[in-house]
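The values are calculated or read from the model by the stated rules, or taken from the named source; none is laboratory data. Bear in mind that the values here come from a model prediction, so they are computed numbers and not experimental data. Ideal geometry is used to build each Cβ from the backbone, glycine not excepted, and the neighbour counts take in all protein chains shown.
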Amino acid sequence: MVRAGRGALRAAAGAIGGKARERMSNTTLLLIAIGAIMLAALPLAAIMKDFLPGFMERSAGLDQLENRIYVLHSEAHDLQDRVNALVARRNQVSSEKHRVDSDIRKMEKTITDLADQPPLFVHEVGEPSAGTTPFLVNIQQEKASAQARLSGDRAAVNPIWRYTNVAEVWAGSYEEAKQLVETAFPFKLGFQKSFQKQAVAAEKAQADAKAKAAAAGAPPPARKKAAAG
């Protein structure tokens with residue numbers, strides 16, 4: 001019995017010793033692994049110590065570069081807007097120039113056409129006032145009329161009578177206009193006169209209106225200026 005008990009104790013002590021040795025072996029391996037990691041980490045730490053400042057500096061430089069790119073992008077948009085505004089202004093100026101050139105060409109054509117036309121001379125007879133009407137009279141002067149030749153009256157012909165001449169006569173009636181134009185342009189000096197139809201028609205219409213008003217017992221209508229010619 002005593003021997004069996006000792007054997008059991010020995011077996012138990014051996015088992016405990018094996019477990020202790022196993023635990024010590026695991027601990028030793030862990031310590032060895034930690035030591036190896038620390039040994040490997042020392043050069044890595046030295047490398048990171050040299051690398052990190054440069055990396056951080058480059059990172060800050062990238063941030064600045066990104067901000068600069070953003071600013072340049074905004075400035076590019078502003079420049080593009082300015083360019084678009086200048087292009088629109090150029091197109092507007094070009095359109096205005098084209099319009100002005102067209103107007104100039106029309107004016108030049110009008111001036112050329114007027115230069116090719118013979119001149120028109122307008123003579124004013126009488127004074128425009130309330131109650132007067134303008135009469136347009138075509139005037140021509142012959143070198144000498146038959147009556148002028150008989151009476152021996154001759155007058156030098158002014159060069160303007162080679163062209164069209166019109167007299168604008170302001171008078172209160174057609175008969176008064178005939179007297180005024182005869183006084184200004186006498187027949188004995190070779191003047192030929194003919195009232196334009198518009199003036200005669202206007203005077204006739206006014207005369208008819210007066211006659212109708214008188215027949216009806218109403219006051220005559222106010223005289224209006226006729227746009228003759």
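Structure summary
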| quantity | calculated |
| --- | --- |
| Identity of the residue in the range 162-175, under 50 Å from the mean Cα position of the chain (by Cα) and of a type in the set (Phe, Trp, Tyr), that ends up surrounded by the fewest Cβ atoms within 10 Å (Cβ to Cβ) | Tyr163 |
| Residue that is surrounded by the fewest Cβ atoms within 10 Å (Cβ to Cβ) [pool: residues in the range 114-139 that are at pLDDT below 90 and under 19 Å from Lys197 (Cβ atoms)] | Leu120 |
| Close pairs (7 angstrom Cβ cut-off, 6 or more residues apart or separate chains): more than 17 Å from Val137 (Cβ to Cβ) and of a type in the set (A, V, I, L, M) in the range 150-169, in a strand (DSSP E or B) and at pLDDT 85 or above anywhere | Val157/Gln141 |
